[in-house]
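Notes follow the structure.
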Amino acid sequence: MKIKTKLISGVGLLFVFILLLAAMSIFYVNALKRDTNNILVANYNTLEYSRNMLLALEQIPEDSKALADFDKNLARQKVNVTEIGEEEATAQIIDHFNALKLNPEDGHLAPAIRKDIAELMRLNMEAIERKSSIAAATANSAIFWIPVTGAVCFIIAFILLVNLPGNIANPIKELTASIKQIAGQNYKERVHFESHSEFGELAQSFNTMAEKLEEYSESKLDKILKGKKRIEALINNMHDPVIGLDEARKVLFANDEALKIAGLSTENLIGKQIQDIAVTNDLVRDLIKDLINPGLKEKTIEPVKIFADNKESYFEKEIIDINILPTGEQAAQLIGHVIMLRNITPFKELDLAKTNFIGTVSHEFKTPIAAIKMSLQLLENEQVGPLNTEQQQLLESIREDTGRLLKITGELLNLAQVESGNIQLAVKAAAPEEMVQYAIQATKTQAERKQVKIETDYADHLPMVQADSEKTTWVLVNLVTNAIRYSYENAVVSIRVFQEQDKVKFQVKDTGTGIDEKYKHKIFDRYFRVPGTQKEGTGLGLSISKEFIEAQGGDISVESALGSGSTFSFTLNVAER
C-alpha cells in the first residue's frame, strides 16, 4: 500500500471518529439542556407561583394588596399549564378564588384554595422527579457512549502512533544508513524494501544507483587508461586492418594497417563521420556499403581487392556489431561497430599456384594419354597381329583406365578454367534437341552395359537457347552419366526439355537411391561425394557443371529424396531471334 494511502486511511479514520465523538457530545449536552430547561421553565415556575399565591392568601385579611398579588400569580399560572391534571387544579383555584373575592367572610374557601394549590404543587413535584430521571438517563448514556467513542479514538490513535511513524521513519532511517555507507565508498550496500509503496520504488532506484557506482568504482581511472592503452597497442600491432565506430558511425580508432591501405592520416580519420570520409575515399565507401545498406549482407561476400604492399592484395571484410547489456537494464544496447579486414592474399596466391599447377599437369597428361589411346588402337588392329583372349582383356582394362584418366584430366582442366576465372565461352544460338542427342550417344555404351533405358520428352516448338554447346553438352553428359551410375539395372532415365517463360529447362531424372536431405546443400561442392556411394570420379563434375551453367546466365538445382531417385535441372536463356 502506498504511504499516501496509509496516511489518508489512518488519519481519515481518526478524523471520522473525532467528528463522531464531537457530534455525540453535542447531542447529549443538548439533550441534558433540553431536559433541564423543561424542569426550570415548566415546573419550577409553577412552584414559584404556587408559593406566592399561598403567601398572598395568608395576607388577604390584613393586606388589601395581597388579593392583587394572588390574582397576578394565578394569571401567570394559568398560562403555564404543562402537566396532566394541572389544568383542572388551576381551574379549581380560579373557581375558589373567585368565590373568595365575592364572599371574603367564608371560612371554608381559604382551606379549599390551599388544598388546590397543594395539589398543583404535588403534580409539578412529581413532574420534576420524572424529568430528573429522564435527564439522569440521558446523562448515563452520555457517560457510556462518549468514553466508548473516546476509547476507540484513542486505540486508533495509539495504533497509528505505534505503526505509522515506524512505517515511514524506519525505511528512511535504513535508507539514510545506506546512503552513509555509499558516502563511505561501500558501493556493495543494498536496501531491501519488499513493500509495493514508494519506498519499494526508491529502494530499486537506490540499488541501481549503487550497482552503477560499484561498477564505476571498480573501473578506476588508471585502470581505464591502462586498459585503453593496452587495447590500442593490441589493435595497432594487429597485421589486419581494423576500424572502430561508435553508434553514430563516428570513427573511434583505426590501426596503422587500416590507415595505410586507406591512404589516410589519423587526423583525417579519427573523430570523423565515416560516411563523410566515404564521399572522397573509394575504399572506405566500399567498406561501409554493407553498414549503410544492411540488405547487402545477405548476398555473397566477395573478397575486397586492394593495392597494398606494392601489389594487388585480397582481404575478407567482416563488420561486427558491438552490443552491451547496461547495468540494471534488460535490453541489449548497440554501442558501435568494428570493421575488420583479413588479409587472404597468401591463400589467393597459393590457390592460383594450385590452379596453374593443375592446369599445367592436366595439359601435360593429355599428350601421353592420347598416345596411349593411339597405341591401343594399333594393338587392336589385326594387321599388327592377332591377340589371344587374355591380351584382349588386358587391352579392354587399359582402355577403360585410359578413358577414366582422360575424363579426370578434362575435369581438372575445366576446374583450372573455373578457378582462374578464365572460362572461355562460345555462346551462340543452339538447338536443345541436338545437345541432348549428343549426350545420349556419348553415354549409350554405359547405358547398354547396365541395361538402362534413356527416354526423352521434348516440348512442342522448343526455341533455340543461348549457350555454349560444347560445355552445355558436357554438363548433360555428366548428369546422364551420374543418373545411369546410380540407377538400378533395367531402370529408366528420363530427359525432359521444356520452356519456362524466357528460359528453357533441362531435367534429368533417375529412379536410383536418391540423396539424403542433409547432403543436398553440399551436392554441388567441390570434391564432395555422398557417403556410402560408389567411389568413381573426382567429385568435381557437379561443381564444374554449376560453374558452366551459371557462367551462361542459367541456374542448376536438384530435387531428391532418399530411395526415390533424383531430378537434376538446369535452365538456359532463350536465344534472341
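Distances between placed amide hydrogens fall under 5 Å for Ile344 paired with Tyr314, Phe315, Glu316, all partners being 5 or more residues away or on another chain.
Legend: Rg and Dmax of the stretch 226-290, from Cα coordinates, 11.6, 35 Å.
Scaling the Cα radius of gyration of the stretch 427-577 by the globular reference 2.2 N^0.38 Å produces a ratio of 1.00. For the stretch 488-577, place one equal point scatterer on every Cα, skip the solvent, and apply the Debye formula. What is log10 of I(q)/I(0) at q = 0.18, 0.24 Å⁻¹? After summing over all Cα pairs, the log10 values are -0.89, -1.33. For Arg485, Arg526, the ranking by accessible surface with the largest value first comes to Arg526, Arg485, using a 1.4 Å probe. The distance between label points at Lys518 and Arg114 comes to 13.8 nm (points 7 Å beyond Cα on the Cα→Cβ vector). Summary of the geometry: the stretch 426-490 and the stretch 83-155, compared by the centres of their Cα atoms, lie 141 Å apart.
Shown here is the pair-distance distribution of the stretch 38-190: with all Cα-Cα distances grouped in 5 Å bins from zero up to the longest one, the shares run 2, 8, 13, 12, 8, 6, 5, 4, 4, 4, 4, 4, 3, 3, 3, 3, 3, 3, 3, 2, 2, 1, 1, 0 percent.
Among the listed pairs Lys226/Lys260; Lys471/Lys520; Lys453/Lys505; Lys428/Lys503, which have their C-alpha atoms separated by more than 18 angstrom in this model?
Details: Lys226/Lys260 26 Å; Lys471/Lys520 24 Å; Lys453/Lys505 21 Å; Lys428/Lys503 15 Å.
Where the Cα-Cα span goes over 18 Å, the pairs concerned are Lys226/Lys260; Lys471/Lys520; Lys453/Lys505.
When the surface is traced with a 1.4 Å probe over the full set of protein chains, Leu234 keeps roughly 120 Å² accessible.
Modelled this way, with points 7 Å down the Cα-to-C-beta line, the labels at Ser265 and Asn163 are 7.6 nm from one another.
The values are calculated or read from the model by the stated rules, or taken from the named source; none is laboratory data. Quick caveat: nothing in here was measured; it's all calculated off a predicted structure. For neighbour counting, all protein chains shown are included, and Cβ atoms are generated from backbone atoms with ideal geometry for every residue, glycine included. Surface accessibility is based on the protein's heavy atoms, side chains included, excluding ligands, DNA and RNA. Shrake-Rupley method; radii C 1.70, N 1.55, O 1.52, S 1.80 Å.
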